[in-house]
Amino acid sequence: MKIVKSISVLRKVVCSLKRRGKTIGFVPTMGFLHEGHLSLVRRAKKENDVVVVSIYINPAQFGPKEDFKNYPRDLRRDTRLLRGLCDLLFIPSVKEMVAQESRTFIEVRRLSDLLCGRTRKGHFSGVATVVAKLFNIVAPDAAYFGQKDAQQAVVLEQMAADLNFSAKMVVMPVVREKNGLAMSSRNVYLSDKEKAEAVVLFQALKSAEHMVAAGSRDTKKIIRTLYDFISRTPSARIDYIEIVDKKTLESVSTIKREALLLLAVHVGSTRLIDNTILKVK
Ligand code: AMP
């Protein structure tokens, strides 16, 4: 695995790969890798000649009161985990990525203002802008994202379509701990007690799936049940519970064929997100 820190070196390597007709699969991450990330890398490896993984903790997607400074970092461990799976590890510094004062930002309208966008102003603009920059540097044939960040995946698919990026956008299922907790780099913030209590998100998703299987279609009713259920966990504070259209992210009142259920819940001081697709069988 080759480690590259500079944009110009990466461009040269990409150019030479393209000249030789190699396809490039790309997995953008913020590091502190876990099985969720690795599932994307494995899929990229299966579908492409060369896999590029980026590790870049993007300041533009953190709000002023968010955890940019404390975001978990362990490059040595990440490098070890990627050996044998990834061909090129791109680790640009903030200075390399933001060489001058930027005046250009991507705004994916409407999709960025809903759900997490309500409390995380500017977050999705920060994500979309950096992913577009990375796409321009890496020139991937396919890019791999996790359904764990469902809204991010929708925003980025829209961005890629709107800006005519040719990369195929692949979204992979949520990878979970044995108890159902969705893997996340931020889970490291949770105490053991909080980690156990955080399972309430997964349990809430499952109970909604059961309600739909049993015939519930009224989203208000399902959401009310989940509010009551999650509120019983002492360390949990709900940010939102919403059931929306998978593509537009607009709220739906009745589940017809399928709908996306998303949760954002603070467990102690850690904000967790999770989601599932509710399907009518
Ligand atoms: P991050 O490092 O958190 O920015 O995540 C990098 C990529 O990994 C994003 O596309 C995430 O959606 C994806 N990802 C993070 N956690 C998981 C998970 N538990 N299962 C699947 N994909 C994940």
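A few comments on the model shown:
- Conditions (1) free of Cβ contacts under 8 Å to residues at least 12 places away in the same chain; (2) of a type in the set (A, V, I, L, M); (3) assigned by TED's automatic domain parsing to the domain that holds T225; number of the one not met by A161: (3)
- Scanning the stretch 49-69 for residues that are of a type outside the set (V, I, T) and over 25 Å from T270 (Cβ atoms) yields a total of 1.
- Screening Q151 with (1) in contact with a Cys (Cβ under 9 Å, 6 or more places away or on another chain); (2) within 11 Å of the ligand (Cβ to nearest atom); (3) within 19 Å of I24 (Cβ to Cβ) gives one miss only, at (3).
- Subset tally (residues that are in contact (Cβ under 8 Å) with a residue 24 or more places away in the chain and farther than 23 Å from L10 by Cβ) for the stretch 112-145: 13
- Unique match (being modelled with pLDDT of 95 or more, at negative phi and more than 12 Å from the ligand (Cβ to nearest atom)) among R20, R43: R20
- When residues of the stretch 23-40 are limited to those that are among the hydrophobic types (A, V, I, L, M, F, W, C) and within 16 Å of the ligand (Cβ to nearest atom), the one farthest from V170 (Cα to Cα): F32
- Count of the stretch 122-151 residues, restricted to those that are among the charged types (D, E, K, R) and more than 23 Å from I243 (Cβ to Cβ), is 2.
- Scan of the stretch 68-87 for residues that are open to solvent by less than 20 Å² (accessible area, probe 1.4 Å) and among the acidic types (D, E), ordered by number: D78
- Lone unmet requirement of (1) within 16 Å of the ligand (Cβ to nearest atom); (2) within 21 Å of F145 (Cα to Cα); (3) in contact (Cβ under 8 Å) with a residue 60 or more places away in the chain for G63: (2)
- Selection count, the stretch 42-98, where residues are assigned to a loop (DSSP other than H, G, I, E, B), among the aliphatic types (A, V, I, L, M) and touching a helix residue (DSSP H, G or I) at 6+ places or on another chain (Cβ under 6 Å): 1
- Residues that are open to solvent by 60 Å² or more (accessible area, probe 1.4 Å) and within 19 Å of T119 (Cβ to Cβ) within the stretch 43-67 comprise P64, K65, E66, listed in sequence order.
- Only one of the numbered conditions (1) within 28 Å of K247 (Cβ to Cβ); (2) at pLDDT below 95 is violated by G36, and that is (2).
- Search result, residues across the stretch 13-27 that are open to solvent by 30 Å² or more (accessible area, probe 1.4 Å) and touching a residue at least 60 places away in the same chain (Cβ under 8 Å): V13, K18, T23
- Scanning the stretch 154-175 for residues that are surrounded by 17 or more Cβ atoms within 10 Å (Cβ to Cβ) and either more than 12 Å from the ligand (Cβ to nearest atom) or closer than 15 Å to S125 by Cβ (or both) returns V154, V155, L156, Q158, M159, A160, F165, A167.
- Meets criteria (in contact (Cβ under 8 Å) with a residue 60 or more places away in the chain and open to solvent by 70 Å² or more (accessible area, probe 1.4 Å)) for A150: no
- Given (1) without any contact (Cβ under 8 Å) to a residue 12 or more places away in the chain; (2) closer than 22 Å to A132 by Cα; (3) of a type outside the set (A, V, I, L, M), index of the condition E96 fails: (1)
The values are calculated or read from the model by the stated rules, or taken from the named source; none is laboratory data. What you see is a predicted model, and the numbers here were worked out from it, not measured in a lab. Cβ atoms come from the backbone with ideal geometry, glycine included; neighbour counts cover every protein chain shown. With ligands, DNA and RNA removed, areas are computed over all heavy atoms of the protein, side chains included. Shrake-Rupley method; radii C 1.70, N 1.55, O 1.52, S 1.80 Å.
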